[in-house]
Amino acid sequence: MKKAVLIPDSFKGTMSSSEIISIMKERILHYHPECQIVSIPVADGGEGSVDSFLTALGGEKIQVKTKGPWNEEMDSFYGILPDKTAVIEMAASAGLPLVGDRKDPSETTTFGVGELILDAARKGVRKLVIGLGGSATNDAGCGAAAACGVSFFDKDGNKFIPVGATLDKIAHIDTSTMNEDVKKMTITAMCDIDNPFYGDTGAAAIFGPQKGADPEMVKVLDEKMKHLASLVSTELGIELQQIPGSGAAGGMGGGMKAFFGAALEMGIDVVLNTTGFEKLAESADMIFTGEGKIDTQSLRGKVVIGVARRAKKIGIPVIAVVGDIGDDISAAYDEGVSGIFSINRVAVPYKEARPRAKSDMSLTIDNIMRFMNAIKA
C-alpha cells in the first residue's frame with residue numbers, strides 16, 4: 001500500500017479522531033513503512049473543531065479576549081487556515097463546560113461567539129466556518145448577532161441584547177446596522193442535526209434539559225422561540241421553523257441563517273470541502289474511516305457515509321472501522337463502503353469495553369492489514 005487516507009470520526013467519550021488516526025497510522029506503517037499517510041481529523045462542530053482543521057491543513061490559532069456565556073471576560077480562540085478561511089467553534093466562548101455548575105440557558109449568551117466572528121472579519125477574513133455544538137445557550141444566536149452590530153429593540157424602542165429569557169421582548173430587528181466587514185463574509189455553519197427551531201423536537205425541548213432547563217423553563221423558552229420565529233418571518237422574510245437544523249445549539253442554527261445569511265451544512269461535508277478531500281485522496285489505495293456506531297442514523301450522511309459517497313466518485317475503496325454495527329446497514333455498501341469492521345473483540349458491556357478501546361482498535365487495524373497482505377500475496 002503506497003498511500004492511505006485516514007479520516008475517522010471520534011468515538012464519543014472513548015477516543016478522539018486524532019487518537020484513532022494515530023493508532024491506525026502506527027499499524028499501517030508497521031506493515032508498509034513506505035506508505036504515504038494523509039491524516040484528516042474530523043471536526044464535528046463542538047470542542048476540538050478548530051484544532052482538527054489546523055491539524056489537517058495547518059494555519060494559525062488566534063487568541064482573543066471575549067465575553068463568556070455569563071458575560072464574563074475570558075480567553076478564547078479561533079483558527080485561520082492557510083487559504084484565509086477562519087474556523088470558529090462556538091463552544092470556545094459559549095460552551096457548556098464554561099458554565100460549570102451555573103447552568104441556565106435562559107440567561108447565558110452567545111455574545112462572545114459574535115466577538116470571535118467580528119475579530120476574524122476585521123482581520124480581512126471573507127470565508128468563515130463555524131461549528132454549532134456543545135453550547136450552554138438558548139438565545140438563538142441573538143447575542144452573537146448583537147456583537148456583530150445587529151440591533152434588537154423592545155416595544156419602547158430601547159436597544160438591548162437578548163438572551164433566552166428575553167427573546168419575547170424583541171419588537172424590532174435591524175440587520176442593516178451589522179458590521180460592514182461581517183456583511184462581506186461567506187459563512188458556513190456545521191450542523192449535524194435537523195431539529196426545528198421550536199416545538200417538541202425543537203431547541204429548548206431537546207437540548208434545554210442538558211443545559212439546566214427544568215420542564216417549566218423548557219416550556220417558557222419554547223414560547224419565546226416561537227415569538228422570535230414569528231418576528232423573523234415578518235421582518236426578515238425567513239421561516240426559521242422550516243429550516244432543518246435551525247434548532248441546533250439553542251437556536252444558533254436559525255440565528256446564523258437569519259442574521260448572518262449562513263448556509264447550514266452537515267459537518268462531514270464542510271470538512272471534506274474545506275480540506276479539499278478529493279485532491280488529498282488522489283491516487284490513494286485505501287481510505288480508512290469510522291465512527292462509534294454505524295446504524296440507520298449514519299445513513300443520512302454522517303462521517304462514514306459522507307466519506308464513502310465522495311470516495312465512490314473517485315473510485316477509491318473505503319474501510320469503516322467502528323465500535324458497534326447496527327441492524328439494517330447494508331445500504332452503506334451501496335454508498336461506497338467496501339467493508340465494515342467492529343473493534344469489539346469480546347462481548348462485554350460498554351463500561352468494560354471502553355478502557356480497552358485503544359488496544360482493540362490497534363488489534364483490529366492489525367488484523368485488517370494482515371488480511372490485506374495475505375490477499376496481495
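General observations
- Evaluated at q = 0.15, 0.23, 0.26 Å⁻¹, the base-10 log of the normalised Debye intensity for region 238-283, with identical point scatterers placed on the Cα atoms, takes the values -0.48, -0.76, -0.87.
- The chain, accessible area per residue, ligands and nucleic acids excluded (1.4 Å, Å²): 42
- Ranking Thr177, Thr14, Thr364 by solvent-accessible area of protein heavy atoms (1.4 Å probe, all protein chains present), from largest to smallest, gives Thr177, Thr14, Thr364.
- Shown here for region 1-105: GluC sites (Glu not before Pro) in loop regions (DSSP other than H, G, I, E, B) with at most 11 other Cβ atoms within 10 Å, namely Glu34, Glu72.
- Local electrostatic count, Thr296, Cβ distance below 9 Å [Lys/Arg +1, Asp/Glu -1]: -2
- In region 57-103, trypsin sites (Lys or Arg not before Pro) in a DSSP loop with at most 12 other beta-carbon atoms within 10 Å: Arg102
- Whole-Å distance, taken between Cα centres, linking region 119-186 and region 1-58: 35
- Here region 244-291 exposes an accessible surface that is 50 percent carbon and sulfur, computed with a 1.4 Å probe and the other protein chains kept in place.
- To put it simply, the accessible area of region 1-110 at a 1.4 Å probe is 48 percent carbon and sulfur.
- Each of Asn273 and Arg370 was given a label point 7 Å from its Cα along the Cα-to-Cβ line. The distance between the two points is 4.3 nm.
- Over the chain, dividing the summed -39,500 (n - 2.57) contributions of all DSSP H runs of at least 4 residues by the number of residues returns a 222 nm mean residue ellipticity of -11000 deg cm²/dmol.
The values are calculated or read from the model by the stated rules, or taken from the named source; none is laboratory data. Here the structure is a predicted model, which is why all the values come from computation and not from measurement. Every residue, glycine as well, gets a Cβ built from its backbone with ideal geometry; the counts of neighbours run over all protein chains shown. Protein only, heavy atoms only, side chains kept; ligands, DNA and RNA dropped before computing areas. Shrake-Rupley method; radii C 1.70, N 1.55, O 1.52, S 1.80 Å.
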